[in-house]
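Below is one structure; the comments refer to it alone.
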């Protein structure tokens, strides 16, 4: 599965990004089973984690992030192999092997932030 979107943090101190392989979706912040990849301008981070009712960070990378700027984000998930790209689509910024969640829905998320998303695409 490949999930791509333009992601923009508008304001706030939290993060904004993409949800994938999500099941058991609820209404509170981490109420789902699945993965989340996001950007946080307050700490200049790209982060990847998983949720099962609570947040577990898997890895992060230092990436300069500015409010109001579009960043092209791409997630390529094949089996346990997860690669995350931001702007440079040739070299992943994050690359992990995690088999906790294998299938589910995709979505967008803004956590303690205002955000904008555009040009969302999903391919299998």
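As a footprinting exposure proxy, order 96, 76 by other Cβ within 10 Å, with the fewest listed first.
Details: 96 14, 76 17.
The most exposed by this proxy come first: 96, 76.
Can you tell me the length gained on complete extension of the stretch residue 69 to residue 56, counting 0.36 nm per residue apart and subtracting the Cα distance?
Numbers: separation 13, 0.36 × 13 = 4.68 nm, distance 2.71 nm.
In short, 2.0 nm is gained.
Using per-residue counts of other Cβ atoms within 10 Å, averaged over each peptide, order 111-123, 27-39 from highest down.
Highest-to-lowest ranking by the protection proxy: 27-39, 111-123.
For the residue pair residue 105 and residue 27, what label-to-label distance in nm results when each label sits 7 Å from Cα along the Cα-to-beta-carbon direction?
Inter-label distance under the simple model: 1.4 nm.
Place a point 7 Å from the Cα of residue 96 along the Cα-to-Cβ direction; which residues of region 49-64 have their backbone N under 11 Å from it?
Counting backbone N atoms under 11 Å from the label point, the list is 49-51, 56-61.
Fully extended, how many nm does the chain gain between residue 6 and residue 118 (0.36 nm per residue separation, minus their Cα-Cα distance)? It would help to have the intermediate numbers written out before the result.
Working: separation 112, 0.36 × 112 = 40.32 nm, distance 0.50 nm.
Length gained, residue 6 through residue 118: 39.8 nm.
How many angstrom separate the Cα center of region 48-75 from the Cα center of region 104-118?
11 Å
No value in this document is a laboratory result; all are computed from the given coordinates. In this text, all values refer to a predicted model and were calculated from it rather than measured experimentally. Here the Cβ is made from the backbone with ideal geometry for all residues, glycine too, and neighbour counts use every protein chain on show.
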